[in-house]
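To start, the structure itself, in structure tokens.
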Amino acid sequence: MEIPSQILLIRLSSIGDILLTFPLIRALHREYPDTAIDFMIFKRYEDMLKPVQSWLTNLIIYDKSDSRKENHRIRKIIQEKQYPLIIDLQNNLRTFCLTSSQSGKCHRFKKFRVRRFLFVKFGWQVYPENPVWRKYLQTVPLEFKDTAFYPIEFQPDPEIVDRLQTEYPVLKSNKRKILIYPGARHFTKRWSLDYYESLIRMILKQTDWQIIFGGSDEESEYVSALAKMESTRISDVSGMYGLYENFVLISLADLIISNDSAPMHMASLLGKKQLAIFGNTVRQFGFYPDNSNAIIIEDNSVKCRPCSHIGFEKCPKKHFDCIRKITPEMVFRKIRDISFEIIT
């Protein structure tokens with residue numbers, strides 16, 4: 001198709017899905033520099049676009065507090081802008097209604113819901129295994145000469161860096177720093193807190209690294225229990241910072257350990273050394289770190305994986321083997337493989 005003068009990308013939520021649009025934004029900016037890129041996003045996630053905001057022309061912020069009013073306002077914006085191309089990466093009823101009256105072409109992200117259901121329910125290998133960020137690229141009807149995954153060129157806000165390092169001096173120390181995010185939105189994605197505790201004891205005993213715990217406000221309560229294990233080498237910043245600050249925080253760490261969660265995608269986009277622990281979800285869904293410095297830890301012998309493409313609040317089979325079989329010793333061996341020296 002003819003190169004459009006402007007494109008509207010729509011991805012309203014959630015954090016991980018928004019982060020996975022970054023390779024597409026980068027590719028559009030690099031290969032079509034004369035095309036203006038606008039992005040529509042929910043207000044609560046606006047800060048998440050700061051690392052790529054210099055590549056975007058305009059942000060269209062959707063405030064969910066008054067959806068009826070917002071629907072009218074945004075439909076009007078789209079009609080006035082007359083976008084020659086709209087890429088709907090959300091593809092739900094809301095975004096369909098917002099774009100239904102526009103005059104240009106609208107391409108919507110294919111979610112393959114039926115194939116995903118058959119894969120989860122019966123284990124049929126009919127679900128496309130491409131990473132989600134690549135599926136986003138394939139939604140755009142333009143040619144890309146380079147479709148490889150690259151870390152983004154991230155320049156953190158110096159004021160944010162200075163503030164974080166002032167509040168937590170460990171961030172500017174010469175010691176190795178492991179940043180751990182023990183949380184995830186759903187229980188079946190979370191590695192056991194008892195296992196995290198055992199892993200921390202191994203790290204404290206066999207290394208001289210500094211440990212930092214991160215997480216959301218909701219996660220800070222159970223994260224704080226882990227942070228109390230040691231007072232001089234463990235810091236707890238969970239619930240302290242917003243989305244962009246966590247992006248900066250991850251950029252300052254040497255190694256990131258997380259479950260299948262938003263921080264995993266942040267670390268991947270920055271090309272950081274990382275360990276990602278997968279419980280009930282699997283990499284075939286496409287939500288995995290496509291990062292050459294990433295190690296994914298999962299147990300493919302557990303036959304009931306995946307039980308969901310998102311997660312549950314308890315194990316449907318009640319044994320939770322997908323998490324239970326990934327032991328602290330296994331994770332520590334992977335940490336040792338990442339090339340940091342172990343104290344003997």
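Listing for the model above:
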{"item": "Selected residue (criterion: nearest to Asn130 (Cα to Cα)) from residues of region 153-179 that are at pLDDT 95 or above and β-branched (Val, Ile, Thr)", "result": "Ile178"}
{"item": "Residue check, Pro158 of a type outside the set (S, T, N, Q), in contact with a His (Cβ under 9 Å, 6 or more places away or on another chain) and on the phi < 0 side of the Ramachandran plot", "result": "no"}
{"item": "Helices (runs of 4 or more DSSP H) (entirely within region 11-117) containing at least 1 residues that are acidic (Asp, Glu) and closer than 21 Å to Phe285 by Cα", "result": "15-19"}
{"item": "Helices (runs of 4 or more DSSP H) enclosed by region 203-317 - at least 3 residues per element that are over 16 Å from the mean Cα position of the chain (by Cα) and not aliphatic (A, V, I, L, M)", "result": "220-227"}
{"item": "Residue in region 122-135 that is exposed (fewer than 15 other Cβ atoms within 10 Å of the Cβ), of a type outside the set (Ser, Thr, Tyr), at pLDDT below 90 and part of a helix (DSSP H, G or I) present", "result": "yes"}
{"item": "All positions within region 15-72 that are over 30 Å from Lys145 (Cβ atoms) and of a type in the set (A, V, I, L, M)", "result": "Ile61"}
{"item": "First in region 126-148 and in contact (Cβ under 8 Å) with a residue 12 or more places away in the chain, second anywhere and surrounded by fewer than 17 Cβ atoms within 10 Å (Cβ to Cβ) and β-branched (Val, Ile, Thr), Cβ under 7 Å, 6 or more apart", "result": "Arg134/Thr147; Leu137/Thr147"}
{"item": "Extreme residue, farthest from Asp17 (Cα to Cα), among residues of region 60-77 that are surrounded by 14 or more Cβ atoms within 10 Å (Cβ to Cβ) and in contact with a strand residue (DSSP E or B) (Cβ under 7 Å, 6 or more places away or on another chain)", "result": "Ile77"}
{"item": "Qualifying residues in region 149-164 (those that are touching a residue at least 24 places away in the same chain (Cβ under 8 Å) and assigned to a loop (DSSP other than H, G, I, E, B)) - the one farthest from Ile257 (Cα to Cα)", "result": "Asp157"}
{"item": "Residue match in region 321-335 (condition: modelled with pLDDT of 95 or more and basic (Lys, Arg))", "result": "yes"}
{"item": "Output for region 165-190, where each listed residue is out of contact with any helix residue (DSSP H, G or I) (no Cβ under 6 Å at 6 or more places or on another chain) and assigned to a loop (DSSP other than H, G, I, E, B)", "result": "Tyr168, Ser173, Asn174, Lys175, Arg176, Gly183, Ala184, Arg185, His186, Arg190"}
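For (1) of a type outside the set (Val, Ile, Thr); (2) within 24 Å of Ala27 (Cβ to Cβ); (3) crowded, with 20+ Cβ neighbours inside 10 Å, each residue gets a yes or a no:
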residue	(1), (2), (3)
Tyr222	yes, no, no
Gly242	yes, no, no
Ile256	no, no, yes
Gly279	yes, no, yes
Phe287	yes, yes, yes
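The values are calculated or read from the model by the stated rules, or taken from the named source; none is laboratory data. Bear in mind that the values here come from a model prediction, so they are computed numbers and not experimental data. Backbone-built Cβ (ideal geometry, glycine too); neighbour counts: all protein chains shown.
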